[in-house]
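Heads up, the thing below is written out as structure tokens.
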Amino acid sequence: MIYQKKIAVTLISELKMLLLEEKITQQSIGDALGIKQSAVSHLLSGKSNMTLEQFFTLCQMAQVSPALLLKKTETKIAPQEILTPTQEEALYKSPLHLICYCAAIRPIKSSELKVLNYTESKVESALVDLMKNELIKYNPKLKSYIQIDPRKKYLSSGTQDAQTIRSSVLNISQENFFRNNDPVWRQTKFNYVSLDRFTIPQTKEIEAQMWKIYESIQNIQRENYTMGYQQSEKMPIRNIHIMLSTPLTED
């Protein structure tokens, strides 16, 4: 609860600063949210809880991506720790080690991580190396590995050439993505290596489409509330699932 409270306070502070930079008044915010100016003051001071819909509206007014704002907030308040030389050596021992650590942001088994040119036994070996150096832990109940503290931000001790390994990981991801010539398969993936192929106008166009999707979701939710489908088995299948992922598997 303390961590969640810290995120909420920092998030509101960042959002408030962005609104000020855009010279957006509390009166404008109140008009957009349909609330009084005093209620706006309570929202921006943290005295009142902000709804998800209000948060998205304010992000739109501040011209900031909600996901990017949340990521920036989490990065700012994340606990930091300097890697020991042995931890850094294990983390950057090979591209596979770094991939395994990143993949362990959630519970993962060696059989689930299929990386180009690496066998399952090599994946398991890399996971064990990371576990021995207290970067990840093994959950016997789930029979999987996971980062010891996914929120923690590790700082380099300066003993390893991290950039070389990171570049190798990016090359692996790119090779895996572009070696599949199936256009149908590609349409189901959103790969990090594609980001630099977007111009600024294209990025803004994509963001505009995402906001339209969000508005559609809101309209569907309002319609469902009106028609009383929440607890009904007759609720139409109209859920929208948006998955943005960097594929490192051969699936």
### Query
What is the residue count in region 68-95 for residues that are of a type in the set (A, V, I, L, M), out of contact with any Leu (no Cβ under 9 Å at 6 or more places or on another chain) and surrounded by 20 or more Cβ atoms within 10 Å (Cβ to Cβ)?
0
### Task
Taking Met1 as meeting all but one of (1) at pLDDT below 85; (2) surrounded by 15 or more Cβ atoms within 10 Å (Cβ to Cβ), write down the number of the exception.
(2)
### Message
Taking the criterion of being under 21 Å from Glu89 (Cα atoms), modelled with pLDDT of 90 or more and touching a helix residue (DSSP H, G or I) at 6+ places or on another chain (Cβ under 6 Å), would at least one residue in region 147-156 satisfy it?
### Response
no
### Message
It is to be established whether one or more residues within region 58-72 are part of a helix (DSSP H, G or I), under 27 Å from Ile217 (Cα atoms) and of a type in the set (Val, Ile, Thr).
### Response
no
## Note on the structure
Filter region 29-38 for residues that are under 18 Å from Glu53 (Cα atoms) and assigned to a helix (DSSP H, G or I); the one that is modelled with the lowest pLDDT is Gln37
### Query
Would you say Val9 is surrounded by fewer than 16 Cβ atoms within 10 Å (Cβ to Cβ), touching a Gly at 6+ places or on another chain (Cβ under 7 Å) and not in a loop (DSSP other than H, G, I, E, B)?
yes
#### Entry: Set Gln63, Gln26: member being surrounded by fewer than 16 Cβ atoms within 10 Å (Cβ to Cβ), within 24 Å of Trp211 (Cβ to Cβ) and at pLDDT 85 or above
Gln63
### Matching residues in region 46-57 - criterion: being closer than 21 Å to Glu21 by Cβ and not in a loop (DSSP other than H, G, I, E, B)
Gln54, Phe55, Phe56, Thr57
### Query
Among the residues of region 154-164, how many are out of contact with any strand residue (DSSP E or B) (no Cβ under 7 Å at 6 or more places or on another chain), part of a loop (DSSP other than H, G, I, E, B) and not β-branched (Val, Ile, Thr)?
4
### Query
Can we say Val123 is surrounded by 14 or more Cβ atoms within 10 Å (Cβ to Cβ), over 16 Å from Ala162 (Cβ atoms), touching a helix residue (DSSP H, G or I) at 6+ places or on another chain (Cβ under 7 Å) and at pLDDT 85 or above?
yes
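The values are calculated or read from the model by the stated rules, or taken from the named source; none is laboratory data. These figures come from a predicted structure and were not determined experimentally. Positions of Cβ are generated from backbone atoms using ideal geometry, with glycine treated the same way; all protein chains shown enter the neighbour counts.
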